[in-house]
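FYI, it's all coordinate maths here, none of it is from the lab. A quick note: this is a predicted structure, and the numbers were derived from the prediction, not measured. Neighbour counts run over all protein chains shown; Cβ positions are idealised from the backbone, glycine included.
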Amino acid sequence: MTTATPNQGMDPNPLLMWQPTDPANTEMNKFMVYVNNKHSLALQNYNDLWQWSVDEIELFWSAVWEYTNVVSSIPPSGPVVDGSLPMDAFPAWFPSARLNFAENALWCKDPTKTAIIATGELQSKPHRISYADLYSRVRQCAKAMRKAGVVKGDRVAGYIANCPEAIVAMLAASSIGAIWSSTSPDFGTIGVLDRFSQIKPKLLFSVNAVVYNGRPHDHIQKLNKVLEGLNMVEKVILIPFVPSQPCEASSVNKGSTWADFLATSGESVSTFASSSLPPQEQELIDFEPLPFNHPLYILFSSGTTGKPKCIVHSAGGMLLQHKKEHILHGNLSSNDILFQYSTTGWMMWNWLVSGLTLGATIVLFDGSPFKPGPSALWDLVEQENVTAFGTSAKYIQAIQDADYKPNQHHNLKHLHSVYSTGSPLKPESFDFVYEHIKKDLLLGSITGGTDICSLFASHNAALPVYRGEIQCRSLGMKIEAWTAPNKPVVGDSGDLVCSRLFPCMPVYFWDDPENKKYKSAYFDNYQGVWYHGDFVWINPNTGGIVMLGRSDGTLNPNGVRFGSAEIYNIVDTYTEVEDSLCVGQTLKDGTDERVVLFLKVAGTDKASLAVAAKTNGSATEAEKQVLDAPLDADLVNRIKTHIRNQLSPRHVPAFILKTTDIPYTINGKKVEIAVKKIISGQTIVPSGTLVNPESLDLYYNIPELQQ
Ligand SMILES: CC(=O)CC(=O)SCCNC(=O)CCNC(=O)[C@H](O)C(C)(C)COP(=O)(O)OP(=O)(O)OC[C@H]1O[C@@H](n2cnc3c(N)ncnc32)[C@H](O)[C@@H]1OP(=O)(O)O
């Protein structure tokens, strides 16, 4: 466990930015009335409700199941979970129930209603798919998957753009009980192989090309490279995502086009065959009735060592948690049009897809949100009457920096919520949203992560919004700020922990038979209590939350999280580089960071310096010469290009700088957090566990990192 940074500047009396006009009419308050009646309680406010939800987890989650109308082939009976067990016992939830995630996503009462609006950069007009149409496409795709030999538990992967076919394939896989996993086309070969080679997918869905930043990028070449390392894939299904680009099945190994693949279902289909028949009048999908804990998704999170963790999320956990978040916290219903800017590689994509389980319309966008200009997403909000608009703190900052004021150009009358995630939303961005987007809306700063594929602290349509704060701890999530084991604090900063079981905990990590990796990822710091790796501050007055940054080495530039191990795996292949250290530098306003990669070039270690000292005079002179010599520009460019091509453009460090020593602990671990703090402006007292504490001096006041 780590000591929290001091809670400088935290304001226990933040400015009130917005209040709901009719809180009694929100789903949150209606739910409170529902549980009061059902369990003869007298809960008065959100705080009471939250406390009850984390004290009585069995009653709470069972009430969420009923209130949000989960569709199940066998409804739950008997115990919900053994709530007395520690979190790292990973008990089964709702063991008697049987359900299917895809069935829940396709249940919409009005089949003519639009399920998906899909668009993106350089696309002339949005593509619309009704619930009836979605149902028939999922049926065809599921039949084709079964024909291809996909069975329960198989992995089906997407190296895929944010397009309707990704959702069709995901729902088709989950209707069978296969497990879906996706990564976005900006990922390079190693990034994809490090992920998919671990989970061994049977089918791979992909696209011919993507468009980003105003131009098409061919995807086939990258796809073929990836396939060289994925010989377990039996079929690759190629979607003609960019019509102007070639899309030949023969251009990839084991390739089939989307249309040819669907045709193997035996149904006569065209690529976008549309069906207006309601599901009950169509041939029905054969939904597998599955236990609550049956795997739905595999998501990836990379750390400071080794390959990315393959986090397996359950169908029941995702369904119940996302329904709780969308319906109770977001006050969303089937009348809503939900947009979230995301790629298929971020968990917000999974979160968006769950909007289908409410019967809402979801809006997909693929490409740069700034092309052809900063109005791109706002045109969409206006044209499609988007009611809830999800984006990142970084995006809000970017339009603010561009001095783009959406309310001067757009009629946003249908918009009732804006969500922001990825990194903390700074107080000035709250001012910007209320002044230049819309006065009367719920600004939900939300936080959670890939590890839970959902939220720990979130929006709440029944509560006021205070400047700089996340509105509340989410129902059923017993999150606290701990300064030591079992020492929760309020009004002071601490480690973000979650100390009670919740149903969307990962069911397991892939290929981790004794849950060793799983336990060490979350339960090593505080025995049996989920440690999330963030610092947090809880306001005693408002109950709001402020996120204070990572307490581990996770990198988070522009709201895109990844681990330093991915960078080390690349840099380690360079013989010119003896060692490296990759850390984030928190920017002055504390809300974003840039990645800095330090290289210790071969020949600059202490022994070599001593040799140089003999030849050149004093050791310090030799050290000075080595330090003063600039890093070879060609080496820097090669590493940057390598990272860009093999991981993704989003992984490329903002700075690659030279160092002569890298701090290590006596256990042989690179000391990332201390260096991160130093380059972010803090002074560190070296811990006694360092082998070379003097090396930390090299990281103070580095000129390049002062602007
Ligand atoms: C609840 C939770 O806690 C959950 C989460 O956090 S989930 C994660 C949430 N995170 C986010 O939403 C991330 C937010 N950030 C962003 O969306 C983007 O950084 C941004 C839209 C704000 C900025 O966009 P941008 O300026 O275009 O930069 P970015 O999108 O990062 O692109 C970086 C590079 O990748 C390239 N790129 C991106 N996608 C590409 C693709 N598909 N093909 C080729 N290149 C691509 C870009 O061209 C760019 O290249 P250059 O460096 O040559 O310019």
Over the chain, what is the percentage of antiparallel beta bridges among all DSSP beta bridges, to the nearest 5? 55
Provide the gained length on full extension for the span Glu621 to Ser197, in nm with one decimal, where the gain is 0.36 nm per separating residue minus the Cα-Cα distance. 147.8 nm
The helix 131-147 Cα axis meets the longest alpha-carbon principal axis of the chain at an angle in degrees, between 0 and 90 and rounded to 10, of 70
Which residues qualify? For Ser445, with a placed amide H closer than 5 Å and at least 5 residues away or on another chain, they are Ser420, Gln471
Over the chain, what is the mean sequence separation of C-alpha contacts under 8 Å (at least six apart), divided by residue count, expressed as relative contact order in percent? 14
Counted neighbours (other Cβ, 10 Å), sorted fewest up, put Asp697, Asp534 in the order Asp697, Asp534
Mind giving me the nanometre distance, one decimal, between the label points for Ser73 and Glu234, set 7 Å out from Cα along Cα→Cβ? 2.1
Give the long-range amide H neighbours of Lys235: residues separated by 5 or more places, or on another chain, with amide H under 5 Å away, using H modelled in the peptide plane at 1.01 Å from N. Leu204
Percent relative contact order of the range 33-184, based on C-alpha pairs within less than 8 angstrom and at least six residues apart? 16
Counting only residues 5 or more apart in sequence or on a different chain, those whose built amide H sits under 5 Å from that of Lys309 are Ser301, Ser302, Gly303
How long is the gain from Leu631 to Val33 if the chain were fully straight, where each residue apart is worth 0.36 nm and the alpha carbon distance is subtracted? 208.8 nm
Determine, from the Cβ-Cβ distance of Asp286 and Gln44 and an R0 of 51 Å, the FRET efficiency 1/(1 + (r/R0)^6), rounded to the nearest 0.05. 0.60
What is the antiparallel percent of DSSP beta bridges lying wholly in the range 249-371, to the nearest 5? 65
Simple spin-label model, 7 Å along Cα-to-Cβ: Asp403 to Ser268 in nm? 6.1
Taking the chain as the reference, fit the longest principal axis to its C-alpha atoms, fit the long axis of helix 606-616 to the helix C-alpha atoms, and give the angle between the two in degrees, 0 to 90, nearest 10. 30
³J(HN,Hα) computed for each position of the range 468-483 - Karplus, 6.51 cos²θ - 1.76 cosθ + 1.60, integer Hz, glycine/proline x: x, 10, 6, 5, 6, 6, 5, 4, x, 10, 7, 8, 9, 9, 10, 9
Over all directions, what mean area does the Cα convex hull of the chain project, stated in square nanometres? 30.2
Set Lys and Arg Cβ to +1 and Asp and Glu Cβ to -1, take the dipole of the range 373-443 about its Cα centre, and tell me which of Ser420, Ala398, Val433 lies farthest positive. Ser420
How high is the relative contact order of the range 351-469, in percent, counting Cα pairs under 8 Å that sit 6 or more residues apart? 21
Where does the chain land at 222 nm, in deg cm²/dmol rounded to the nearest 500, when only DSSP H runs of n ≥ 4 count, each adding -39500 (n - 2.57), divided by all residues? -8000 deg cm²/dmol
Sequence order, the range 185-191: Karplus ³J(HN,Hα) from phi using 6.51 cos²θ - 1.76 cosθ + 1.60, θ = phi - 60°, Hz rounded, Gly and Pro as x, gives x, 6, 6, x, 3, 5, x
Principal axes first, then extents: for the Cα atoms of the range 130-258, list largest minus smallest coordinate on each axis, whole Å, largest first. 35, 34, 24
Estimated FRET transfer efficiency when R0 is 35 angstrom, pair Asn25-Lys588 (beta carbons, to 0.05): 0.25
Sorted peptide list for 342-352, 281-291, 555-565, criterion being average Cβ within 10 angstrom, highest first: 342-352, 555-565, 281-291
Which listed residue (Ile237, Thr591, Trp65) has the Cα farthest towards the positive end of the charge dipole for the chain, taking +1 on Lys and Arg C-beta and -1 on Asp and Glu C-beta about the Cα centre? Ile237
Selection of GluC sites (Glu not before Pro), the range 37-109, meeting DSSP coil and at most 10 other Cβ within 10 Å: none
Residue by residue through the range 638-649, the couplings from Karplus 6.51 cos²θ - 1.76 cosθ + 1.60 with θ = phi - 60°, in Hz, x for Gly and Pro, are 5, 5, 4, 5, 4, 5, 4, 6, 8, 9, 5, x
Coil-residue GluC sites (Glu not before Pro) of the range 442-519, DSSP, other Cβ within 10 Å capped at 12: Glu514
Virtual paramagnetic centre 7 Å along Cα→Cβ of Asp82, amide N under 16 Å, in the range 484-519: 501-502
C-alpha long axis of helix 164-176 to longest principal axis of the chain, angle in °: 70
When a/c is below 1.5 the answer is rounded, else prolate if a/b is larger than b/c, else oblate, so apply that to the range 235-389 with a ≥ b ≥ c taken from the square roots of the Cα gyration tensor eigenvalues. rounded
